[in-house]
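This report refers to the structure that appears directly beneath it.
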Amino acid sequence: MAKEQLEVLNALDVAKTQWYHFTAIVIAGMGFFTDAYDLFCISLVTKLIGRIYYQQPGAAEPGSLPSNVSAAVNGVAFCGTLTGQLFFGWLGDKLGRKRVYGMVLMVMVICSVASGLSFGSDAKAVVSTLCFFRFWLGFGIGGDYPLSATIMSEYANKKTRGAFIAAVFAMQGFGILAGGMVAIIVSAAFKHSFPAPSYEADAAASIFPQADYVWRIILMFGALPALLTYYWRAKMPETARYTALVAKNAKQAAADMSKVLQVEVEAEQEKIEQQGGNDFGLFSKDFLSRHGWHLLGTTSTWFLLDIAFYSQNLFQKDIFSAIGWIPKAKTMSALEEVFKIARAQTLIALCSTVPGYWFTVAFIDRIGRFTIQIMGFFFMTVFMFALAIPYQHWTLRENRVGFVVMYSLTFFFSNFGPNATTFVVPAEIFPARLRSTCHGISAAAGKAGAIVGAFGFQYAEKGIGVRNSLIILGVVNFLGLLFTFLVPESKGRSLEELSGEAEQENAAPSESRQQEIESGTRTAPV
């Protein structure tokens, strides 16, 4: 038996697109801009760090990070992100979205600056402190995933909810683009101020002391956009769905949304007090029967996606070097190498990554999440095999442009595909009291995939070669397509309808529930 929806929630579901929607997108989106910048800018500077701290006098090739160090520097932030997603996702359901939101942002700002200030004069000290601060940076970034998605889904109307959540996530594309542009500007400025020959012309002169500032400035810049949005995050009211359905305060929910929507909303406290029979926790049989397959679907697809997505993003510089699109390291100075790596990654972001995100924003509420995710995984599989099987063909000089185009298309369909939808759907299909937790679990599964990608691809590329690594990524994408069938379509439906909170709440309470009501006690969900 369906219950009559609270007026405050119905008002949110049917609200026309207003200024507060765009404000929420910008406030939440700037967090994701920072997330992407901080996570991906490290790949722009690892070769420079290798030259500065791991150079061997008289070596034929420039210094580079050892495999284990490179994997740690690239992957440690993902370990922190996974932990943060689980912790802050749970905390967002316990304390409320708003109270945790500002806390997450300050962790990101402090650790972003600290990453650039990694201290010490030798390689071990610098890399150790860099990894330490990037772990905690990732911890803060992890909290931004479930909180931003949940806040946006609970603020949005049901007609355009997918586009609004996807727009928040799409800011990740601009963060990746900004990372490349900042690296280009900083490396170009230092190149102009401190001209240096290539490594093969003069190994010692190809790197100069001031180059140590370059990677530090690039890493620290990520703190700026996050800091600028702190005030506005602090001003955001708690979401009405949390206040009404979790905190059980209909009066406060109505007051907050009356200000946001600029309409009078009735409190209806008695409706909340009458609710019963739908208080199951995360580890209950009820949750398993209603949402167990859904959680498996959201976690597995995000895990499989991120193996491929982060492998491609973090190590595209190595792939471009392998096919000759970026010249050999010894033919360039240290900063020229940074400049060319950043230019290549910026071009990929501009031509495929950013457009892919906004294609999702444009079409997600028209063709649905399920269709976009299936289509994305399908084309990612096709293009990955098309790159891998005739790999030797693509390494020929005359075919390099074709390789870059095909490689860009895999990015386009990951973003106009599962990279966006795996973020959107977990914020829609779970109950309000568990929504942030379940999104955090799904996102953490994704970061587990990112860790596999960051650490695994590093060794796979050297052990089995780029071609076989790309074949493995193609198989991973195909598995993602299959697991998508566990995920329900959420287009055009209210959050309460999707989560089951609109069902059976007018039914008579169970015997145990009746005893709780009569005794005045209430069992909190696990």
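Over the chain, how many percent of alpha carbon pairs lie in each 10 Å bin up to the one with the longest distance?
Once binned at 10 Å, the Cα pair distances of the chain give 4, 19, 29, 23, 14, 7, 3, 1, 0.
Place a point 7 Å from the Cα of residue 220 along the Cα-to-Cβ direction; which residues of segment 31-48 have their backbone N under 14 Å from it?
Counting backbone N atoms under 14 Å from the label point, the list is empty.
Subtract the Cα-Cα distance of residue 289 and residue 347 from 0.36 nm times their separation in residues, and report this length gain in nm to one decimal.
Result for the pair: 16.3 nm of gain on full extension.
Rounded to whole Å and sorted largest first, what semi-axes of the equivalent ellipsoid does the C-alpha gyration tensor of segment 58-145 yield via the square root of 5 times each eigenvalue?
Values: eigenvalues 205, 34, 12 Å².
Those come to 32, 13, 8 Å.
Shape verdict for segment 74-194, please, from the Cα gyration tensor: rounded (a/c under 1.5), prolate (a/b greater than b/c) or oblate.
Since a/c reaches 1.5 but b/c is at least a/b, the shape of segment 74-194 is classed as oblate.
How big is the accessible area of residue 491 in square angstrom, nearest 10, if you roll a 1.4 angstrom probe over the protein chains?
80
How would you classify segment 133-237 from its alpha-carbon gyration tensor, with a ≥ b ≥ c the square roots of the eigenvalues: rounded for a/c under 1.5, else prolate if a/b is greater than b/c, otherwise oblate? Provide the component values of the computation, followed by the final result.
On the way: a/c = 3.39, a/b = 2.72, b/c = 1.24.
Prolate shape, in that a/c is at least 1.5 and a/b is the bigger ratio.
If you place +1 on the Cβ of every Lys and Arg and -1 on the Cβ of every Asp and Glu, how big does the dipole about the Cα centre of segment 129-222 come out, in debye to the nearest 20?
It works out to roughly 480 debye.
Averaged per residue, what accessible area in Å² does the chain show with a 1.4 Å probe, protein chains only?
Working: 20180 Å² over 526 residues.
With the other protein chains kept in place, the chain gives 38 Å² per residue.
Which value, in debye to the nearest 20, describes the size of the charge dipole of segment 166-264 about its Cα centre when Lys and Arg Cβ atoms bear +1, Asp and Glu Cβ atoms bear -1, and nothing else is charged?
580
In Å and whole numbers, how far do the C-alpha atoms of segment 344-398 stretch along each principal axis, longest first?
Here the Cα extents, ordered largest to smallest, are 42, 24, 13 Å.
How much accessible surface area, in Å² rounded to 10, belongs to the heavy atoms of residue 294 with a 1.4 Å probe?
Accessible surface of residue 294 is approximately 40 Å².
On C-alpha positions alone, give me the angle between the axis of helix 400-415 and the longest principal axis of the chain, in degrees, nearest 10.
With both axes taken from Cα atoms, the answer is about 20 degrees.
Under the definition of Cα pairs under 8 Å and six or more residues apart, what whole-number percent is the relative contact order of segment 333-415?
Here the relative contact order equals 46 percent.
May I ask you to give the percent of accessible area on segment 11-167 that is carbon plus sulfur, with a probe radius of 1.4 Å?
Ligands and nucleic acids excluded, carbon and sulfur reach 71 percent.
Given the peptides 468-474, 171-177, arrange them by the average over their residues of other C-beta atoms within 10 Å, most packed first.
171-177, 468-474
Could you calculate the contour length gain from residue 121 to residue 251, that is, 0.36 nm times the residue separation minus the distance between their Cα atoms, to one decimal place in nm?
Computed gain between residue 121 and residue 251 is 41.0 nm.
Take the cross-link list 47/340; 158/285; 235/447 and give me the ones stretching past 22 Å between alpha-carbons.
On the way: 47/340 12 Å; 158/285 29 Å; 235/447 30 Å.
The answer is 158/285; 235/447.
Mean shadow of segment 338-490, computed from the convex hull of its alpha carbons, in nm²?
10.1
Using amide H atoms built in the peptide plane, which far-off residues or other-chain residues are under 5 Å from residue 490 H to H?
369, 370
Could you compute how much accessible surface residue 442 exposes when probed at 1.4 Å, giving the result in Å² to the nearest 10?
Approximately 0 Å² of residue 442 is accessible to the 1.4 Å probe.
Which angle between 0 and 90 degrees, to the nearest 10, do you get for helix 211-220 versus the longest principal axis of the chain when only C-alpha atoms count?
10
Which whole number in µm²/s is D for segment 370-418 by Stokes-Einstein, with the Kirkwood Rh taken over Cα pairs at 37 °C and 0.692 mPa s?
Roughly 298 µm²/s, to the nearest whole number.
State, as an integer percentage, the relative contact order of the chain based on alpha-carbon contacts under 8 Å between residues 6 or more apart.
Across the chain, relative contact order equals 26 percent.
Counting each DSSP H run of 4 or more residues in the chain as -39500 (n - 2.57), what helix-only mean residue ellipticity at 222 nm follows after dividing by all residues, to the nearest 500 deg cm²/dmol? Intermediate results must be reported in sequence, preceding the final value.
Numbers: 23 runs with 377 residues, N = 526.
That calculation yields -24000 deg cm²/dmol at 222 nm.
How tilted is helix 42-53 with respect to the longest principal axis of the chain? Cα atoms for both, answer in degrees (0 to 90, nearest 10).
So the inclination is approximately 40 degrees.
Report in % the part of the accessible area of segment 321-428 that belongs to carbon and sulfur, leaving out ligands and nucleic acids; probe 1.4 Å.
70
Using 0.36 nm per residue of separation minus the Cα-Cα distance, give me the extension gain between residue 103 and residue 132 in nm, one decimal.
Extra length available between residue 103 and residue 132 comes to 8.5 nm.
The values are calculated or read from the model by the stated rules, or taken from the named source; none is laboratory data. All values derive from a computational prediction rather than experimental measurement. Note that each Cβ is placed from the backbone with ideal geometry, even for glycine, and that neighbours are counted across all protein chains shown. Side chains included, ligands, DNA and RNA excluded: accessible areas come from the protein's heavy atoms. Shrake-Rupley method; radii C 1.70, N 1.55, O 1.52, S 1.80 Å.
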